[in-house]
Amino acid sequence: MRDSRMISFIEVLINITSGFALAMFIWQFIIPFFYPHLEPSLAENFNMTALFTIASVVRGYFWRRFFANGFHRTLVKWVKGI
């Protein structure tokens with residue numbers, strides 16, 4: 001059974017949302033522990049994390065659809081032909 005585009009999007013969104021929460025935690029609590037001179041405000045933390053999260057959603061959706069549509073088979077055939 002092939003995945004629908006909506007299911008792929010929801011899967012990627014859940015994956016990236018959990019990554020967003022983890023990144024917020026790391027930037028707010030872990031980074032300042034190792035680099036005390038870097039103390040991002042909550043707003044700075046949110047803005048940077050949001051930027052990378054948006055990029056991750058787009059990237060994750062692209063790769064999910066790439067494999068769900070079987071395009072990777074063409075790549076495998078091409079690699080085997082080299």
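Key figures for this structure:
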item: Candidates 59, 73, 65 - the one that is surrounded by 15 or more Cβ atoms within 10 Å (Cβ to Cβ), charged (D, E, K, R) and either in contact (Cβ under 8 Å) with a residue 40 or more places away in the chain or part of a helix (DSSP H, G or I) (or both); result: 65
item: Near pairs, Cβ below 6 angstrom, 6+ apart or cross-chain, from the stretch 18-38 (touching a residue at least 24 places away in the same chain (Cβ under 8 Å) and over 16 Å from residue 52 (Cα atoms)) to any residue that is in a helix (DSSP H, G or I) and of a type outside the set (Gly, Ala, Ser); result: none
item: Flag if residue 20 is exposed (fewer than 14 other Cβ atoms within 10 Å of the Cβ) and in contact with a helix residue (DSSP H, G or I) (Cβ under 7 Å, 6 or more places away or on another chain); result: no
item: Candidates 26, 10 - the one that is more than 19 Å from residue 66 (Cβ to Cβ) and assigned to a helix (DSSP H, G or I); result: 26
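Rundown of residues vs (1) touching a helix residue (DSSP H, G or I) at 6+ places or on another chain (Cβ under 9 Å); (2) at pLDDT below 80, yes/no style:
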| position | (1), (2) |
| --- | --- |
| 8 | yes, yes |
| 30 | no, no |
| 37 | no, no |
| 40 | yes, yes |
| 64 | yes, yes |
| 72 | yes, yes |
| 78 | no, yes |
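The values are calculated or read from the model by the stated rules, or taken from the named source; none is laboratory data. Source: prediction; values computed, not measured. No Cβ is skipped: glycine too gets one built from the backbone with ideal geometry, and neighbour counts run over all protein chains shown.
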